[in-house]
Amino acid sequence: MTEIAHAERAHALLSASGAHRWLHCTPSARLEETLPDTESEAAKKGTLAHEIAELKLQKVFSGLPTRKYNAELKKYKAHELYESIMDDHTDAYLDYIQSIVHTFPTPPFVAIERKVDLSDYVPESFGTSDCIIIGAGKLYVIDYKNGQGVPVPAEDNSQMKLYALGAFKAFSLLFPIQEVHVAIVQPKVWDQPSEWSISAADLLAWGESIKPIAAKAFAGEGEYVIGEHCGFCRARDTCRARVEQLLSVEDKAPLKPPLISWDEVGDVLRRADGIVSWYKSLKEKALAEVLKGGDVSGWKAVEGRGSREYADLDKAFKHLKEKGIEEAVLYERKPLTPPQLEKELTKKVYKELLEETGHVISKPGAPTLAPADDKRPAFSDKVKPEDAFGEPIGS
């Protein structure tokens with residue numbers, strides 16, 4: 001049994017996708033509401049990949065006619081933002097969903113792009129779940145993510161738990177549900193989907209626990225709280241609380257040692273995290289404001305460094321060759337890197353032709369500093385500071 005819902009990709013004030021922010025920083029949603037919502041090219045590519053993924057699910061689970069499927073897929077592939085690797089990644093998404101469906105003793109209920117009501121827990125909230133599977137007392141909520149910049153794990157994921165609450169509300173009267181399983185398919189980050197499970201009773205208890213937080217967020221009340229959840233907030237560059245934290249320093253204390261301790265280093269790194277990217281982003285916003293006629297005190301727009309380009313590349317090179325310039329001087333032959341080839345060949349072909357045949361060797365990354373709560377294991381090899389970084393600290 002399959003259900004398809006062509007829900008508009010609208011967003012509630014307190015959206016499931018933004019829950020990680022407004023559950024930590026309750027006034028942020030109302031603050032974001034005052035700012036324009038601009039869609040990046042990466043987001044547009046994600047929407048296109050979702051459309052392709054939905055089309056493939058329709059063909060398999062709802063009997064979409066082959067002719068219509070091919071016509072729609074051809075249209076998507078002609079889109080200016082289409083990348084061949086989208087086909088590979090959406091196939092992986094489809095394969096994963098089919099693998100879940102095949103674990104049921106009888107065909108389960110499958111809902112594709114289902115709009116779910118979250119208002120029992122979050123005021124005036126709703127969302128669209130990519131895929132919902134129900135049967136044998138189990139509820140699966142599966143989400144496809146096309147991005148690669150930020151890994152999104154399924155474990156205790158607020159967005160996925162809200163989708164699961166919406167799915168439970170929609171279908172629990174029709175299907176008994178004891179177990180809830182959520183999964184995030186993010187092929188650009190993980191070879192295997194990220195999975196997490198919770199009992200239906202614990203999920204419902206969590207839903208009750210966030211009600212007062214959601215009510216406060218809907219009213220725009222509470223304190224601004226700074227953290228990694230600020231990353232996708234529209235107010236991140238000009239939020240006063242975040243700016244003050246990024247730029248804050250303690251008053252000079254002449255009685256303290258002239259060198260800070262390693263405990264203080266940890267605190268400085270934590271407080272300054274993101275300051276470089278924030279400064280660059282804020283500068284871009286200030287430039288945009290000046291260019292549209294606004295005033296940013298102490299700053300002005302000037303002409304940047306220019307560039308040179310060929311009026312007509314073919315004619316220019318033809319002229320050079322006629323004047324005796326060797327063709328080898330005009331071109332640079334450079335092999336594609338493994339990541340570039342993977343994008344060109346698709347992940348599946350790249351793995352078969354290069355990884356499985358031993359033509360590509362994976363090397364471990366160099367040690368890098370990360371917060372203590374980072375999910376990656378700590379670097380185990382004992383490395384001397386001068387081996388990793390050059391000169392020893394304090395030399």
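Once you place label points 7 Å from the Cα toward the Cβ at Val189 and Leu353, how far apart are they in nm?
Roughly 2.9 nm, to one decimal.
On a full-extension model of 0.36 nm per residue, what is the gain between Lys256 and Asp314, subtracting their alpha-carbon distance, rounded to one decimal in nm?
The span from Lys256 to Asp314 would gain 14.2 nm if fully extended.
How are the Cα pair distances of the chain distributed, in percent, across 10 Å bins from 0?
4, 16, 23, 24, 19, 10, 4, 1, 0
Could you tell me the relative contact order of the chain? Use alpha-carbon pairs under 8 Å, at least six residues apart, and round to a whole percent.
Working: 462 pairs, mean separation 69.1, N = 395.
The normalised contact order for the chain reaches 18 percent.
Quick one: net charge around Val182, please, counting Lys, Arg +1 and Asp, Glu -1 for every other residue with C-beta under 12 Å from its C-beta.
On the way: positive: Lys138, Lys161; negative: Asp130, Asp143, Glu155, Asp156, Glu179, Glu195.
Net of charged neighbours comes to -4.
Could you check what % of the DSSP bridge pairs in the chain are antiparallel, to the nearest 5?
The antiparallel fraction comes to roughly 65 percent.
For Val265 paired with Phe232, estimate the spin-label separation in nm (one decimal), with each label point 7 Å from Cα along the Cα-to-Cβ line.
The answer from the label model is 3.4 nm.
What is the spin-label model distance, in nm, from Leu369 to Leu287 if the labels are put 7 Å beyond Cα along the C-beta direction?
A separation of 2.9 nm, rounded to one decimal place.
Quick one: Debye curve from the C-alpha atoms of segment 159-219, no solvent, what's log10 I(q)/I(0) at q = 0.17, 0.21, 0.26 Å⁻¹?
Treating every Cα as an identical point scatterer, log10 I(q)/I(0) equals -0.69, -0.89, -1.06.
By DSSP, what percent of the beta bridges with both residues in segment 1-144 are antiparallel, rounded to the nearest 5? Display every interim value, and only then the final one.
Details: 13 of 16 bridges.
Taking every DSSP beta bridge with both residues in segment 1-144, the antiparallel ones total about 80 percent.
Lys300: which lysines have alpha carbons under 27 Å from its alpha carbon, excluding same-chain residues fewer than 8 sequence positions away?
Lys280, Lys283, Lys285, Lys292
With a cut-off of at most 15 other beta carbons within 10 Å, and DSSP calling the residue loop, which chymotrypsin sites (Phe, Trp or Tyr not before Pro) in segment 89-192 qualify? Please list them. Mind dumping the intermediate values first?
Values: sites: Tyr93, Tyr96, Phe109, Tyr121, Phe126, Tyr140, Tyr144, Tyr163, Phe168, Phe171, Trp190; in loops: Tyr121, Trp190.
Of the chymotrypsin sites (Phe, Trp or Tyr not before Pro), the ones in loops of segment 89-192 whose Cβ has at most 15 other Cβ atoms within 10 Å are Trp190.
Taking a cut-off of 17 Å between Cα atoms, list the lysines near Lys323, but don't count ones fewer than 8 places away on the same chain.
Lys315
Estimate the FRET efficiency between Glu223 and Asp202 by the formula 1/(1 + (r/R0)^6), using the beta-carbon distance for r and 45 Å for R0, to the nearest 0.05. Please list the in-between numbers first.
Values: r = 28 Å, r/R0 = 0.62.
Once the sixth-power term is evaluated, E becomes 0.95.
With a 10 Å Cβ neighbour count serving as the proxy for reagent exposure, in which order, fewest first, do His89, His24, His319 appear?
Listed from fewest to most nearby Cβ atoms, that is His319, His24, His89.
Past 24 Å, Cα to Cα: identify those pairs from Lys56/Lys347; Lys74/Lys334; Lys188/Lys375; Lys45/Lys188; Lys56/Lys77, in the order given.
Numbers: Lys56/Lys347 18 Å; Lys74/Lys334 32 Å; Lys188/Lys375 18 Å; Lys45/Lys188 13 Å; Lys56/Lys77 13 Å.
Table pairs above 24 Å Cα-Cα are Lys74/Lys334.
Restricting to DSSP H runs of at least four residues, report the calculated mean residue ellipticity at 222 nm for the chain, -39500 (n - 2.57) per run over all residues, nearest 500 deg cm²/dmol.
Details: 15 runs with 162 residues, N = 395.
Roughly -12500 deg cm²/dmol at 222 nm, from the helical runs in the chain.
Determine, for Trp206, Trp262, Trp278, the number of other Cβ atoms within 10 Å of each Cβ, and report the residues in order from fewest to most. Could you put the intermediate results ahead of the total?
Numbers: Trp206 17, Trp262 8, Trp278 20.
Exposure proxy ranking, most exposed first: Trp262, Trp206, Trp278.
We did not get these values from a lab; they are worked out from the coordinates using the rules stated. For clarity, every value in this text was computed on a predicted model and none was experimentally measured. Heads up, the Cβs are rebuilt from the backbone with ideal geometry, glycines too, and the neighbour counts pull from every protein chain shown.
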